[in-house]
Amino acid sequence: MNQQALPQLQRLLMIMARLRDPKQGCEWDLAQSVQSLAPYVVEEAYELVDAITRGDVLDWQEELGDVLLQVVFQAQLAQEQGDFDFDQVAGVIADKLIRRHPHIFPEGRLDKPRLDLSPEQVSAQWQAIKAQEKALAQAARLRLGLPEAKPAFLDKVGAGHAPLLRAEKLLARAAEVGYEWTDPKAIFAKLREEIDELEAAVDEGLSIEALQDELGDVLFCATNLARVLKVSSEQALLGGMEKFKRRFGFIEKKLRSEGESLSSASLAQMVALWNEAKSSGL
């Protein structure tokens, strides 16, 4: 069959299966794992949000495709491991949407007219559904021999946030029970301690995993400082990135005016121009 004649989703699934074929697949795709792909899920989601924010319809379409690719790729890996497949993923979310909207799909059917409920009734219905889903999830865990899920105090902060915002929320949650440092000077001292530990890890030639662990401590401590100073770490980082872009753009423009390019300029030239940009207020 002509692949172009296939429904596009089926075609995409077939392409992904071919890319993962041990004999005829792509080396890069074959080398990937669930863990190695995880960062791309976040990256593609951010790029989608950026396209939506900019109002770029073509980029919006393309980035939606990139997000869909991550779902298809992960489902392919799960299928190879015998865990589940794409059809089951689609079925789970379809069932959830029907289950959570019984007034839209009476008796779980798509061919029945919706029920007219008040906002209060919909809200009460939603709370009942959430309680039912929690009970069903616990029962499923027991059937699979998994331990009963007992949320810890910090589990209330879900994973559905960007890392910096999630770090702030974790710190704020801990502060609710008095676990916090309110003196910025104490956090500055802790931050210096974490930086010293990172530097020592670099000097000792520790593994990438160890360096990542130490750097994580530095970043988390810096986020705590932002929270205590009542500064948004996300906005601070965004501002820092925009500043970097402005100053680097100055370097590029200045080099071009002198008949040079970024690739031909030396680091010393670029640093000098960076300092010029900084002193000029950029």
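Each row is one residue, and each column tells you yes or no for (1) under 30 Å from Asp50 (Cβ atoms); (2) of a type outside the set (Lys, Arg); (3) within 29 Å of the chain's Cα centre (by Cα); (4) loosely packed, with under 11 Cβ neighbours inside 10 Å.
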site	(1), (2), (3), (4)
Trp181	no, yes, yes, no
Lys185	no, no, no, yes
Glu194	no, yes, yes, no
Asp203	no, yes, no, yes
Gln235	yes, yes, yes, no
Leu238	yes, yes, yes, no
Glu252	yes, yes, no, no
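How do the pairs read when you match residues in segment 266-282 that are among the polar types (S, T, N, Q) with residues anywhere that are surrounded by 12 or more Cβ atoms within 10 Å (Cβ to Cβ) and outside any loop (DSSP other than H, G, I, E, B), using Cβ under 9 Å and keeping only pairs 6 or more apart or on different chains?
Listed pairs, sorted by first residue: Gln269/Ile251; Gln269/Leu255; Ser280/Phe250.
State whether one or more residues within segment 171-184 are among the hydrophobic types (A, V, I, L, M, F, W, C) and farther than 30 Å from Lys230 by Cα.
Within segment 171-184, none of the residues are among the hydrophobic types (A, V, I, L, M, F, W, C) and farther than 30 Å from Lys230 by Cα.
Report, by residue number, each residue of segment 263-282 that is outside any helix (DSSP H, G or I) and either modelled with pLDDT of 95 or more or within 33 Å of the chain's Cα centre (by Cα) (or both).
As a first pass, look at segment 263-282 and keep what is outside any helix (DSSP H, G or I): 263-266, 280-282.
Ser263, Leu282 - these are the residues of segment 263-282 that are outside any helix (DSSP H, G or I) and either modelled with pLDDT of 95 or more or within 33 Å of the chain's Cα centre (by Cα) (or both).
So Gln61 passes all but one of these: (1) surrounded by 12 or more Cβ atoms within 10 Å (Cβ to Cβ); (2) modelled with pLDDT of 95 or more. Which condition number does it fail?
All conditions are met except number (1).
Which residue out of Val41, Val71 is closer than 17 Å to Val89 by Cβ and either touching a Phe, Trp or Tyr at 6+ places or on another chain (Cβ under 7 Å) or modelled with pLDDT under 95 (or both)?
Selected residue: Val41, the only one of Val41, Val71 that is closer than 17 Å to Val89 by Cβ and either touching a Phe, Trp or Tyr at 6+ places or on another chain (Cβ under 7 Å) or modelled with pLDDT under 95 (or both).
Among the residues of segment 76-116, how many are in contact (Cβ under 8 Å) with a residue 24 or more places away in the chain and either part of a loop (DSSP other than H, G, I, E, B) or surrounded by 14 or more Cβ atoms within 10 Å (Cβ to Cβ) (or both)?
7
Residues checked against (1) assigned to a helix (DSSP H, G or I); (2) over 27 Å from the mean Cα position of the chain (by Cα); (3) at pLDDT 85 or above:
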| residue | (1), (2), (3) |
| --- | --- |
| Lys134 | yes, no, no |
| Lys169 | yes, no, yes |
| Ala189 | yes, yes, yes |
| Phe220 | yes, no, yes |
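How about segment 261-279: which of its residues are among the small types (Gly, Ala, Ser) and out of contact with any Phe, Trp or Tyr (no Cβ under 8 Å at 6 or more places or on another chain)?
Residues satisfying the conditions are Ser261, Ser263, Ser264, Ala265, Ser266, Ala268, Ala272, Ser279.
Among residues belonging to segment 228-262 that are small (Gly, Ala, Ser) and in a helix (DSSP H, G or I), point out the one that is nearest to Ala172 (Cα to Cα).
Ser233
Residue check: is Lys112 farther than 30 Å from Glu43 by Cβ, assigned by TED's automatic domain parsing to the domain that holds Pro39 and modelled with pLDDT of 80 or more?
Judged against the criteria, Lys112 is a match.
The values are calculated or read from the model by the stated rules, or taken from the named source; none is laboratory data. Keep in mind that what you see is a predicted model, and the values were worked out from it rather than measured. Glycine gets a Cβ as well: all are built from the backbone with ideal geometry, and neighbour counts include every protein chain shown.
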